[in-house]
Amino acid sequence: MNMDFKRKLPTPKEIKEMYPISDELLAVKEKNDKEIQAIFTGESDKLALVIGPCSADREDAVMEYISRLRKVQEQVKDKIVIIPRIYTNKPRTTGDGYKGMLHQPDPNENPDMLKGLIAIRKLHMRAIEETGFSCADEMLYPDNHRYLSDLLSYVAVGARSVENQSHRLTASGLDIPVGMKNPTSGDLSVMMNSITAGQHKHTFIYRGWEVQSKGNPMTHAILRGYVNKHGQSLPNYHYEDLVHLIERYGKTNLVNPGVVIDTNHANSGKKWAEQPRIAKEIVHSTVINPEIRKIVKGLMIESYLEDGAQKAEECIFGKSITDPCLGWEKTEKLILELADMR
């Protein structure tokens, strides 16, 4: 094979034994899980807000950001449930560029997967311990999910992974909400098939084991916009798009029909500053149409301490080194406005 085997990494069980979650923190996570899951089963009318940096790049800045979110959460707790994004794996369209803390716990140093595994576990644990938030992460590598499986309250499967069989089958074995993004082509049948696979039972190979999944009834859609054959970004968050999704769900036997809408990526045409306008349009749609309110479970927003993005070597505290994000002042204002609209 055309690769060097550098070292054998610890198993998820070994990493968890090195950095165990306490019974106290586990109880905090279980409480969060119940509140979040109630949204996706329809028992709660609150809006989930999956919000945070495009990619977690440094522990101190991420923790500063999440600590600020905690204060806002207390102000909107009757209407909104905040699920901070701590995305520690970053998909890259060409394979080049910063791939997240799992690969590079320090963006300006060489990749180190062992340090990365430890860094991402410690960061997710610190979030629960210091803020009471159990967070969201992207399941970019299904085999790696178990390194964080006792810490996460929400998982997203990205637009480039949603058609992959391994992602679908692994999602069917999780007991937290899993969002399936529409592919970059915008073909909703791919997303709907992925949701169906996630909700069904399967037998498959996972980390060298033959496993039987039970099916995940909280597998749902994420609309993130799409790119047409000319490379143009097109949105799928408008009122008519949501009505269409309701009709698509109506032709299936899926349970808990739901959608989280990504306000950035192709929905914003990668214009990060458009996210507040888009978020408020979506919430307005939920206000005027009860069926849309019922199906829209939440929003996904890319936000950090500073507006925009930078190169890794610039080292501006709390500014994204991947996709541009909404800065803190705009973020806080938006969350409070969304709560008022609900």
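Can you give the helix-only mean residue ellipticity at 222 nm for the chain, where every DSSP H stretch with n ≥ 4 adds -39500 (n - 2.57) and the sum goes over all residues, rounded to the nearest 500 deg cm²/dmol? Walk me through the numbers on the way to the answer.
Values: 10 runs with 127 residues, N = 342.
It comes out at -11500 deg cm²/dmol, rounded to the nearest 500.
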TODO: Starting from the Cα of Lys71, draw a straight line to each of the aspartates and glutamates and keep only those under 14 Å, dropping any in the same chain fewer than 8 residues away.
DONE: Glu130, Glu329, Glu332
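Placing +1 at every Lys and Arg Cβ and -1 at every Asp and Glu Cβ, with all other atoms neutral, what dipole size does the chain have around its Cα centre, in debye to the nearest 20?
Values: 46 positive and 47 negative charges, 131 e Å.
The dipole of the chain has a size of about 620 debye.
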Open item on the list: Quick check: net charge around Lys34, other residues with Cβ under 13 Å of its Cβ, Lys/Arg +1 and Asp/Glu -1?
Closed with: -2
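Based only on other Cβ atoms within 10 Å, what is the fewest-to-most ordering of Thr331, Thr94, Thr88?
Numbers: Thr331 25, Thr94 5, Thr88 29.
The most exposed by this proxy come first: Thr94, Thr331, Thr88.
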Task: Net length gained if the chain between Leu114 and Lys8 were fully extended (0.36 nm per residue, minus Cα distance) - done: 37.2 nm
- [ ] Using a Förster distance of 22 angstrom, determine the FRET efficiency expected from the C-beta separation of Ser149 and Lys34, and round it to 0.05.
- [x] 0.80
TODO: Pop a pseudo-label 7 angstrom from the Cα along the beta-carbon direction at both Thr41 and Met18 and give the gap in nm to one decimal.
DONE: 3.6 nm
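Using 0.36 nm per residue of separation minus the Cα-Cα distance, give me the extension gain between Cys315 and Lys229 in nm, one decimal. Mind showing how you got there, number by number?
Values: separation 86, 0.36 × 86 = 30.96 nm, distance 3.65 nm.
Computed gain between Cys315 and Lys229 is 27.3 nm.
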Open item on the list: Once R0 is set to 45 Å, what does the formula 1/(1 + (r/R0)^6) return for the Cβ-Cβ distance between Lys280 and Ile205, expressed as a FRET efficiency to the nearest 0.05?
Closed with: 0.50
- [ ] Hey, could you get me the Stokes-Einstein D for the stretch 57-197, Kirkwood radius over alpha-carbon pairs, 4 °C and 1.567 mPa s, rounded to whole µm² s⁻¹?
- [x] 81 µm²/s
TODO: For the stretch 183-199, just list the computed ³J(HN,Hα) in residue order, Karplus coefficients 6.51, -1.76 and 1.60, θ = phi - 60°, integers in Hz, with x standing in for Gly and Pro.
DONE: x, 4, 6, x, 5, 5, 5, 5, 5, 5, 5, 5, 5, 4, 4, x, 7
- [ ] List the aspartates and glutamates whose Cα lies under 15 Å from the Cα of Lys330, skipping any in the same chain that are fewer than 8 positions away.
- [x] Glu274, Glu302, Glu306, Asp307
Open item on the list: Apply the Karplus curve 6.51 cos²θ - 1.76 cosθ + 1.60, θ = phi - 60°, to the phi angles in the stretch 24-41 and return the couplings in whole Hz, x for Gly and Pro.
Closed with: 5, 5, 4, 5, 4, 4, 4, 5, 4, 4, 4, 5, 5, 5, 4, 5, 7, 9
Open item on the list: For the chain, set up a GNM with springs between Cα atoms under 10 Å and report which of Ser134, Ser233, Ser55 has the largest fluctuation.
Closed with: Ser233
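When DSSP beta bridges are limited to those with both residues in the chain, what percentage is antiparallel, rounded to the nearest 5?
Details: 8 of 38 bridges.
DSSP beta bridges in the chain are roughly 20 percent antiparallel.
For the stretch 85-239, give the share of DSSP beta bridges that are antiparallel, in percent and rounded to the nearest 5; count only bridges with both residues there.
The antiparallel fraction comes to roughly 40 percent.
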TODO: Using 0.36 nm per residue of separation minus the Cα-Cα distance, give me the extension gain between Val255 and Asp175 in nm, one decimal.
DONE: 27.3 nm
- [ ] Give the cross-link partners of Lys34 among the lysines, using a straight C-alpha distance below 18 Å as the criterion and excluding same-chain residues fewer than 8 apart.
- [x] Lys46, Lys77, Lys79, Lys297
Open item on the list: Projecting each Cα onto the charge dipole of the stretch 183-268 (Lys/Arg +1, Asp/Glu -1 at the beta carbon, about the Cα centre), which of Val243, Thr196, His220 comes out farthest on the positive side?
Closed with: Thr196
Open item on the list: For mean projected area of the Cα convex hull in nm², one of (i) 17.8; (ii) 17.0; (iii) 22.0 was computed from the structure I shared and the rest are decoys. Which label?
Closed with: (ii)
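Bear in mind that the values in this text are calculations on the coordinates, not laboratory data. Given the structure is predicted, the values throughout are model-derived calculations rather than measurements. With ideal geometry, Cβ positions are generated from the backbone for all residues, glycine too; neighbour counts draw on all protein chains shown.
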